[in-house]
Structures are given as structure tokens and as C-alpha cells.
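Derivation of every value follows stated rules applied to the coordinates shown; laboratory data play no part. None of the values given here were measured: they were computed from a predicted structure. Ideal geometry is used to build each Cβ from the backbone, glycine not excepted, and the neighbour counts take in all protein chains shown.
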Amino acid sequence: MSIPVPPQADLSPEELKRYARHVVLPEVGLEGQRRLKSASVLVVGVGGLGSPASLYLAAAGVGRLGLVDGDVVDESNLQRQVLYATAEVGEPKALAAQRRLQALNPHIQIEAYPQRLTADNAWDLIQTYDIILDGTDNFAARYLLNDVAVLQNKPFVYGSISRFEGQVSVFYAAEGPCYRCIFPSPPAQRRSCAQTGVLGALPGVVGTLEATEALKLILGIGKPLIGKLLLYDALAMTFDVIRLRKNPQCKVCGEHPEITAIGPHYDEAACGQAEVPAEASATEDTISPQALAQRLASSHPPLVIDIRDPEEFQIGHLPGARNVPLEQLDTALKDLPREAEIVVVCRRGRRSADAVAKMKAAGFAHVRRLDGGLEAWKALVDPHFPLPG
């Protein structure tokens, strides 16, 4: 698929020389490069994800880039936010990014919005751009972006990172599910990157993948990640793709939508952005080993689904855990209680991420995975827990 863009602009001799490696690609060519020049992308958040994404979009010749960010450059950003230099600490990110990107490519238009995305400004900011790219680090902005994208019928290129793992998708309600189809409501609590940490190179990979998806949408080439969620594990160096389904009960893109306009309820308190102690959940779909230990000791413990192979399960498992190997999960879903609190566990957390995404897409409302898997449980809760070598 491709998105509609304005009539293709002409390329100057200087631009033809600059984009020569694009033009020789049959899938791009002159027409494709003109499409890129005529297109526009709004990058919301020019931090870890927005830095590499905007660099590659600018270099590729996307004709108009918008940069939304209300923060200033902090010294702790420099470990991963490659747009900025040490001398720019304290400067507004949007303005510093605009200067850097304009120096990279003087042939494109770059508009800086040194402000936070809010319910008051989101509609007007997004309305004039073809694609929205997610560089945010909070749920308030992410749900707001998704809902405006659905209401304005625009593709929303999603990216998310935590520690050593990342996710990428394209949410486009005209062709597949939206973000709310997969994550109907924000979590009660979330830890920030400042609390959990993030490998410096990780956002470079995920942000570049986001830029690639945006370019594919503009050019109308390849198969965008619509209806698919790409999972990247930097430690295992693996990429997995799982299929997502549209939720007919979705509040914004479902058969009977409840959200038909942008109201004032997109605030950080509503989206669980308050900082929380280490024993709280680490991301929107995880629970820490310490928090799970507390829940298992309570009067109403969660249902634990262990998706490892039966041989691994027999060596050792959590109290009351039910063994449902990952390859059998699709068949087993019909027998699992959809409204129960469920925690999915595996050895390191990668397989359980696949499982949680599948279960959420299937309508399970209260499912999380053990952050770091049973290796983290052994390290932080029970040093005697048996794991196969």
C-alpha cells in the first residue's frame, strides 16, 4: 500500500546527485524520490527513537518534517540521542534537532514545535502531515497520537523500547488494527527509562526501523508492518513478528466507537505516568519478579502460564503454574479465563512477550509477562530456583 501525497515535486540537479543511490533503485526511481520530496512526516519526540528516525528521513529527502518535543537536551540523553552534541545541553531539543537536520539536508523543510503534545494542539499539528511517527516515552502521548491518527485516517508508525528490547508496528485503522486494539487501556503504573535503563544502541535500531516503515508507506513498496508487531531482542539478537487482529470492540476504531473526538482526558495521571518503586511493573505489559512474588503470596494470586517446553517446566516451575507451551497457545486460548489476572513466564522474557501480544490481541484484558523471565526470578527472588543449564 501507499499513502496519498501531493503532486510530485521536481528535483534539482543538486538533489538528483544527492539521492542518486535512491534513484537507481527500481523500487524508488525518479517518481519515488519525487514522492518523498512531496511527503510529510510528523516526528513526535526527538529523543532516543526520534533521533535516528528523523536523521534517516531527512537524509532520504522527505520534503517536510515536523519535530515535536517540549524537553531540553540533558547530559544523560547523549548516551543514545545521537542528534545532539555536548555543547547543546540545556537547549530545546526541537530547535537543536531542526538545526542539525537542516545542516544535513538543506533541500527539505523542517518545522520545529518546542512544546509537549497535548489534547489542545494535537489535532492541528497532526492534520497537516501525511504520517505520524512515534518517538514518545509516555502513554498519554501515545494514546493521543493513536486516536487522532484513527480519526484523521492517517498511519501511525509505532516504536517502543525498554532495557534491551524493542517493538515496532504500523497502526493504520483503514487497513488493520490500531494501538488501542492491542492495548485497550494504559497500565496503572510504569517505570521510566531513567529507572529501568536502556542500551544506548537499542533506540538506534528501533528508530531506524520506524523510519524504514515510513519510507515504505510513502513509496508504496514492500509490506508495511500493518497488522503485525515486530519484536527485537538485542541480547539474543533475534527478530520475531507476530500477527495482530483488529478488535471489533475497540473504543476508537471498533464497530461502535466511544471515542469520536479528542477531549481533555489525555493527561499523564490518567495514563499512569507517575514514577513508581522498583517492585512495580516495568512496562505496560510486564510485572517485576518482586511484585509477582507479592501477588503469589496474596489471597487472590494470578494465574501463571508457563510457556516453556514441558521438559523445562518439569525441572522447575512457579507455584500453581500451568504449562502451556508457546506453540500450543493458540489452541489453549479458548480454555483460559479472559477476565482473570494472568502472568506469562518463560526463561528470559522473549517468548512470553510473543504470548502476551497474542493474548491481548485475542481479548485478554489483564495479562502481563514476568520481566526478565525466570532468570530474573532466580536472581532477585529465589536463588535456588532450578533452571536447566
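Tabulated values for the structure
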| read-out | value |
| --- | --- |
| Correct choice for Cα extents along the principal axes in Å that was computed from the model, options (i) 71, 53, 33; (ii) 68, 48, 44; (iii) 66, 44, 40 | (ii) |
| Two-site FRET efficiency, Leu25 against Leu104, from Cβ-Cβ distance with R₀ of 25 Å, rounded to 0.05 | 0.75 |
| Stretchable slack from Glu327 to His256, in nm (0.36 nm times residue separation minus alpha-carbon distance) | 22.2 nm |
| Residues Leu133, Leu95, Leu67, sorted so that the one with the fewest Cβ neighbours within 10 Å comes first | Leu95, Leu67, Leu133 |
| Helical mean residue ellipticity (222 nm; -39500 (n - 2.57) per DSSP H run of 4+; nearest 500) of the chain | -9000 deg cm²/dmol |
| Extension gain from Gln249 to Met237, taking 0.36 nm per residue of separation minus the Cα-Cα distance | 0.8 nm |
| Förster radius 30 Å - calculated FRET efficiency between Leu380 and Thr86 (Cβ-Cβ, nearest 0.05) | 0.25 |
| Of Trp377, Leu11, Pro302, farthest towards positive along the dipole that unit charges on Lys, Arg, Asp, Glu beta carbons give the chain | Leu11 |
| Nearby aspartates and glutamates by direct alpha-carbon distance to Lys378 (threshold 19 angstrom, same-chain neighbours under 8 apart not counted) | Glu279, Asp306, Asp309, Glu311, Glu312 |
| Cα Rg over Rh - segment 286-380, Kirkwood | 0.92 |
| Partner lysines for Lys251 [C-alpha distance under 24 Å; skip if fewer than 8 residues away on the same chain] | Lys154, Lys228, Lys334, Lys358, Lys360 |
| Axial C-alpha extent at least 24 Å, average Kyte-Doolittle at least 1.0 - helices from the chain (DSSP) | 202-219 |
| Cα-based reach from Lys17 at 23 Å (exclusive), listing lysines while leaving out same-chain residues under 8 positions away | Lys37, Lys216 |
